Amino acid sequence: MTTLGDLASGFGPQDDLRHRPAPGGRMRDSLFWQMTMPDEQLGLQIYLYLTDRGKTGYNVVVWGPDDKPIARELAAGSIPHEMDFDDFEFEGLTVAQPQLRRTAQVGFAAGDVRLEYNFEAIHDAFSYHQNPDGLPTWFAENRLEQTGHVTGFLEVGDRRIELDRKGHRDHSWGPRNWGVPHHWKWIIAYTESGRAINGWIWIAKGEWGFAGYVVKDGVTVPVSHIEAKTGYDPDMAQRSLDAIFVDITGGRTHLTLERFGLFRLPTNDRMTTVISEAACAATIDGEPGAGQFETHWPADYLQHLTEANR
């Protein structure tokens, strides 16, 4: 596995585990696992956060073309100081990481959802510090993104799906100020042959920034910038994406996304940020695949745009 570029990731040997703050400081970890299944018309995501004071919570969502998710399980509470992400358990969610930054085992059993999600990376963990625009301090101290192959199963209600396909995960650490960015687009797409794209477009403090990577033939190439055109519904729900990912070698990779399912989650921050998650069919340079397309909007601005579109 090879990653091009001369910018360091900044990863330490234990950086897939829980992070502790400097004296007098604060810390927050967030972990995310997902899988999009266009053939099943399903999206799956598991989002977990944990603070240095032991406050934790998650959302586990399975969604498709209907207006409401098929399943949406939420929990919040606290865990012991010594619990870590190599042996984590909270309200039906379990996490183990036999090989840090390489494999993960996620289990879930609550409500209508039963899940076994065994992840094995297809490339080295990637940090947005490896992109020319870097990682803004309002977002995280560091962040790893990684595409992999997933085995296991998903049960939702009386439906069972055997998993043997591509998926994606990320892990951020450091405090996050949700109110600084005006908007962002976060994108993941992959094909079963092993091609993958991760992208992040953000607008904050009047400036643009780009992050992410392209994986081709086992080589990970950092993104320089992204040329993107998004299609929206009148309520500003993202419907499609047509984008060129320009990497640091000058290579250009064409991505298309077409939504088949969407849900929205509030973040409960002071800016009442709204996060929209779209499960999508994808193509990467014409090869069919799957993807997820996330947008960030301040709620008041989102409402203004929606009213203006009426």
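The values are calculated or read from the model by the stated rules, or taken from the named source; none is laboratory data. As the structure is a prediction and not an experimental result, all values here were calculated from the model. Note that each Cβ is placed from the backbone with ideal geometry, even for glycine, and that neighbours are counted across all protein chains shown. To get the accessible areas, we keep the full protein, side chains included, count just its heavy atoms, and leave off ligands, DNA and RNA. Shrake-Rupley method; radii C 1.70, N 1.55, O 1.52, S 1.80 Å.
Pairs are defined by a Cβ separation below 6 Å, a sequence spacing of at least 6 or placement on different chains, a first member in the stretch 146-168 that is within 18 Å of residue 73 (Cβ to Cβ) and acidic (Asp, Glu), and a second member that is part of a strand (DSSP E or B) and open to solvent by 10 Å² or more (accessible area, probe 1.4 Å); the pairs so defined are 155/114. Residues of the stretch 6-59 that are open to solvent by 20 Å² or more (accessible area, probe 1.4 Å), touching a residue at least 60 places away in the same chain (Cβ under 8 Å) and either of a type in the set (Val, Ile, Thr) or farther than 22 Å from residue 174 by Cβ (or both): 38, 40, 41. What is the number of the single condition among (1) open to solvent by 60 Å² or more (accessible area, probe 1.4 Å); (2) under 18 Å from the mean Cα position of the chain (by Cα) that residue 225 does not meet? Residue 225 satisfies every listed condition except (2). With respect to the conditions (1) closer than 14 Å to residue 183 by Cα; (2) at pLDDT below 95, residue 217 falls short on a single one, namely (1).
Checked against the criterion of being over 14 Å from residue 44 (Cβ atoms), open to solvent by less than 20 Å² (accessible area, probe 1.4 Å) and hydrophobic (A, V, I, L, M, F, W, C), the candidates 76, 104, 96, 109 yield just one match: 104. Residues in the stretch 136-155 that are open to solvent by 10 Å² or more (accessible area, probe 1.4 Å) and out of contact with any Leu (no Cβ under 7 Å at 6 or more places or on another chain): 136, 137, 138, 141, 149, 155. Just one residue in the set 260, 210 is among the hydrophobic types (A, V, I, L, M, F, W, C), open to solvent by 10 Å² or more (accessible area, probe 1.4 Å), farther than 20 Å from residue 288 by Cβ and part of a strand (DSSP E or B); that residue is 210. The set of residues in the stretch 263-280 that are open to solvent by less than 40 Å² (accessible area, probe 1.4 Å) and in a strand (DSSP E or B) comprises 263, 265, 273, 274, 275, 276, 277, 278, 279, 280.
The residues of the stretch 232-276 that are under 25 Å from residue 40 (Cα atoms), charged (D, E, K, R) and within 20 Å of the chain's Cα centre (by Cα), listed by number, are 239, 242, 258, 259, 264.
Any residue that is part of a loop (DSSP other than H, G, I, E, B), surrounded by fewer than 17 Cβ atoms within 10 Å (Cβ to Cβ) and at pLDDT 95 or above - is there at least one of those in the stretch 282-305? Within the stretch 282-305 (the criterion being part of a loop (DSSP other than H, G, I, E, B), surrounded by fewer than 17 Cβ atoms within 10 Å (Cβ to Cβ) and at pLDDT 95 or above), the answer is yes, since at least one residue qualifies. Just to be sure before I move on: is residue 86 touching a Leu at 6+ places or on another chain (Cβ under 7 Å) and either open to solvent by 50 Å² or more (accessible area, probe 1.4 Å) or among the aliphatic types (A, V, I, L, M) (or both) in the structure I sent? Against the criterion (touching a Leu at 6+ places or on another chain (Cβ under 7 Å) and either open to solvent by 50 Å² or more (accessible area, probe 1.4 Å) or among the aliphatic types (A, V, I, L, M) (or both)), residue 86 qualifies. Under the condition of being part of a strand (DSSP E or B) and among the small types (Gly, Ala, Ser), which residue from the stretch 228-244 is surrounded by the most Cβ atoms within 10 Å (Cβ to Cβ)? Checking each candidate, the answer is 243.
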